[in-house]
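Quick notes on the structure that follows.
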Amino acid sequence: MTESINRGLPRYVLAVVGAATAGAEIARILAERGAQVVVIEQNPRPYGKIEDGLPRWHVKQRRDEYEEINRRLDHPNIDFVPLTRMGADITYDDLRRGWGLNAIVLAHGAWRDRPLAVEGAGEFIGRGLVYQNRLIYWFNHYPEKAYNGPRYDLPPGAIVIGGGLASIDVVKVLQIETTLKALAARGIEEDMLRLEREGLEPVLQARGLKYADLGVAPCKLFYRRRALDMPLSDIAADAPPKRAEAMRAARAKILEKAQRKYLFEFEPQRVPTGLIVEGGRMVGVQMSHTEVADGQVRTLPDSASPVRAELTVSSIGSIPELIPGIPAKGEVYAYIDATVGLLDDGPTAVYAAGNVLTGKGNIKDSLESGTFVGIHIAESYLGLNGGEVSLAAGARQEAKQQGARIAAAMNSRPVLAPERVDEVMRRVRERQRAVGYEGNYRAWIARVTPPDLH
């Protein structure tokens, strides 16, 4: 078992909950400053949304980020504790009060889909309604032989309710998967990566086909605002009017490019206001019209009309999972000091970092962690200009800064006596044994990574 340096000396001991980009970065910073860091991860692997929420056509970027995370976690002062879920395997109150840590950093991301705000919608999850996070998780993992999660048979003509980069990921999945299925029915085997890279029509033309020949109804993306309002790129609050107008026009062009390449339909200024239910399944939604004035959206009364589909995908954003014991206000945690992410003070200080702190889990926020997202980055991410984009550079930089702030805050706190350090490590070893982790991070990753992981 890998042992940390300076074991048996007074030191700071912290727990980082969530091992992906932000968690790994903060853990490494603290470890390099001499702290003992316990990284608690709910999954067997530490890659978070890079593995489970970022579509698998980002092949090189995903693999690069896996190794970036591995490099940060493979440190003698870091103890990895996989397969351990906060609120279930370890309670928040026990970790905060019972372990005797100097601090806890919550970096477990924003995995909870924002609920579709239509009365009764929650009753039809898996019965005509699917949320974005579950759909992308399935898409990323179903080719693996060992996959045993939920499976989806994607029908043509699905409805997608959204508006950001992540919702375009969803429509790409739907369009590519239904095209592959239609080609397979003709005895044609095609490559998902080729369809994503080249676009549907060019690949079909090479086969002597047109999209219309497949007889597949395209999916349709509904957005409550206008195309130029879509949050595909950020506009600075102090941008001059002409610059802001140009950026809004560029957003519409991004959408147009995506439509040309992946052949989905788009309808702006529509919002779901009711469900269509038949035989215990959701078979569509009542869509009302909206108007946008002074930045505000208003649903127009008596404007609903039925839109039928076998499948509706809600892609309206992700928010942090609420864990019992952590103070919350609405969809996000309640902070003592949000500027540094301080959630709770006392003998064990509690901080939030990454998407837990921002309260967002959309791809745009993961790309730049709330900083400027330009047209080039958005188009590169969506596969519209042939470029590559660093998937986590911005988020890592943000986490690096917060890790430095947390490390500085620790300087005002007393270190733990050796016997208290030993007690924390006893708890760590007990949990590691319970999940079969033997202490060698690289060996564990090799053991739990499927050979066909994308």
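Data overview
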{"item": "Per-residue [θ]222 nm for the chain (sum of -39500 (n - 2.57) over DSSP H runs n ≥ 4, rounded to 500)", "result": "-11000 deg cm²/dmol"}
{"item": "Dipole in debye (nearest 20) - the stretch 100-157, about Cα centre, beta carbon charges: Lys, Arg +1; Asp, Glu -1", "result": "120 debye"}
{"item": "Cα gyration tensor, the stretch 115-316 - rounded (a/c under 1.5), prolate or oblate", "result": "oblate"}
{"item": "Label of the coordinate-derived value, Cα Rg over 2.2 N^0.38 Å, listed as [x] 1.58; [y] 1.04; [z] 1.25", "result": "[y]"}
{"item": "Mean Cβ neighbour count within 10 Å, used as a protection proxy, ranking 187-193, 405-411 highest first", "result": "405-411, 187-193"}
{"item": "Cα-based Lys pair tally, the stretch 103-252, threshold under 24 Å, eight or more apart or on separate chains", "result": "8"}
{"item": "Total formal charge among the other residues, if their Cβ is under 9 angstrom from that of Thr299, Lys/Arg +1 and Asp/Glu -1", "result": "+1"}
{"item": "Rounded to 10°, Cα long-axis angle of helix 418-435 versus longest principal axis of the chain", "result": "40 degrees"}
{"item": "Inter-part distance where the stretch 228-244 and the stretch 36-61 are each reduced to a Cα centre, Å", "result": "31 Å"}
{"item": "Net charge over other residues, Cβ less than 11 angstrom from the Cβ of Leu154 (K, R count +1; D, E count -1)", "result": "-1"}
{"item": "Ranked list, fewest to most other Cβ atoms within 10 Å of each Cβ, for Thr179, Thr91", "result": "Thr91, Thr179"}
{"item": "Over the stretch 218-296, volume per residue of the alpha carbon convex hull, in Å³", "result": "104 Å³"}
{"item": "Neighbour-count order for Asp294, Asp94, fewest beta carbons within 10 angstrom listed first", "result": "Asp294, Asp94"}
{"item": "Local electrostatic count, Leu209, Cβ distance below 12 Å [Lys/Arg +1, Asp/Glu -1]", "result": "0"}
{"item": "17 Å Cα-Cα reach of Lys329 towards lysines, excluding residues that sit fewer than 8 places from it in its own chain", "result": "Lys360"}
{"item": "Cα gyration tensor shape for the stretch 129-232, rounded if a/c is under 1.5, else prolate or oblate", "result": "oblate"}
{"item": "Reachable lysines, given that their alpha-carbon falls under 17 Å from the alpha-carbon of Lys60 and they are not under 8 places away in the same chain", "result": "Lys49"}
{"item": "C-alpha long axis of helix 21-32 to longest principal axis of the chain, angle in °", "result": "20 degrees"}
{"item": "The stretch 373-450 shape via C-alpha gyration tensor axes, a/c threshold 1.5", "result": "oblate"}
{"item": "Share, in percent, of DSSP beta bridges within the chain that are antiparallel, nearest 5", "result": "45 percent"}
{"item": "Residue-span extension gain [Val435 to Glu278] - 0.36 nm each, minus C-alpha spacing", "result": "52.1 nm"}
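No lab work stands behind these numbers, since they all come straight from the coordinates. These numbers were taken from a predicted model, which means no experiment stands behind them. Ideal geometry is used to build each Cβ from the backbone, glycine not excepted, and the neighbour counts take in all protein chains shown.
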